[in-house]
Amino acid sequence: MSRKRGRGGAGSSRGAKRPTIKKPAAESSWVDVVVAVVRDGERVLVAKRPATAHLGGFDEFPGGRRESSETLEEACVREVREETGLAVRVVRQLAIAWHADAQRRLALTFFECALAGAGDIAPDLAAKSGARWVERRELGSLSFPPANRDVVRKLLEEPAAGAALPPDAPAA
């Protein structure tokens with residue numbers, strides 16, 4: 001089965017809707033990576049990439065590679081639990097970004113997630129992953145990898161929770 005990629009090239013998320021199916025990872029030369037944008041009101045969960053990893057030292061949203069037996073959503077929930085100890089549920093898909101360089105071809109699927117329990121990050125995991133809660137408005141001052149920047153920009157453009165909509169804005 002061949003999968004079509006978005007026309008916009010690397011980093012494009014236009015019109016891209018990923019299926020929620022289980023498939024063997026070897027079926028595609030692109031590696032499925034899930035990214036969890038976990039929100040708690042105006043707080044967003046952020047971690048730090050290990051200094052020795054690809055893009056080391058960058059801030060990131062929790063996530064990682066999908067295992068062959070998982071759906072993208074299952075991988076998202078598992079990765080957040082493994083990296084932070086937090087239980088989450090997937091709310092919706094936010095975006096897809098494609099990243100290719102000489103070493104890797106990644107299909108990154110971003111999901112908005114909500115807490116499904118307490119919001120206390122396990123201290124040992126926080127120390128290991130650099131996981132912490134930051135205010136949404138602070139995301140612009142952090143250093144994210146290029147594939148994350150469109151999602152960060154969209155988060156920063158959202159009105160604050162509880163903010164009054166302009167008079168001409170449609171109600172949600």
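The values are calculated or read from the model by the stated rules, or taken from the named source; none is laboratory data. Because the structure is predicted, anything quoted here is derived from the model rather than measured. So basically every Cβ, Gly included, is an ideal-geometry build from the backbone, and we count neighbours across all protein chains shown.
Of note:
- Among (1) in a helix (DSSP H, G or I); (2) within 23 Å of Gly56 (Cβ to Cβ), the one test that Ala97 misses: (1)
- Considering each residue of the range 56-63 in turn, at least one proves to be in contact with a strand residue (DSSP E or B) (Cβ under 8 Å, 6 or more places away or on another chain), surrounded by fewer than 16 Cβ atoms within 10 Å (Cβ to Cβ) and either modelled with pLDDT under 50 or not hydrophobic (A, V, I, L, M, F, W, C) (or both).
- Consider the range 100-137 and keep the residues that are polar (S, T, N, Q) and under 17 Å from the mean Cα position of the chain (by Cα). The one that is surrounded by the fewest Cβ atoms within 10 Å (Cβ to Cβ) is Ser129.
- Filter result (touching a residue at least 24 places away in the same chain (Cβ under 8 Å) and not in a helix (DSSP H, G or I)) within the range 124-162: Gly130, Ala131, Arg132, Trp133, Val134, Glu135, Leu142, Ser143, Phe144, Pro145, Ala160, Ala161
- Any chance Val88 is closer than 21 Å to Lys154 by Cβ and either aromatic (Phe, Trp, Tyr) or at pLDDT 95 or above (or both): yes
- For the range 62-87, the candidate set comprises residues that are hydrophobic (A, V, I, L, M, F, W, C) and out of contact with any helix residue (DSSP H, G or I) (no Cβ under 8 Å at 6 or more places or on another chain); within that set, the residue that is farthest from Arg49 (Cα to Cα) is Leu72.
- Verdict on Ala100 being modelled with pLDDT under 95 and either of a type outside the set (Asp, Glu) or in contact with a Lys or Arg (Cβ under 7 Å, 6 or more places away or on another chain) (or both): yes
- Restricting Glu74, Glu79, Glu83 to those that are closer than 23 Å to Asp120 by Cα, in contact with a Gly (Cβ under 7 Å, 6 or more places away or on another chain) and not in a loop (DSSP other than H, G, I, E, B) reduces the list to Glu79.
- Verdict on Ala116 being hydrophobic (A, V, I, L, M, F, W, C), at pLDDT 95 or above and over 26 Å from Glu135 (Cβ atoms): no
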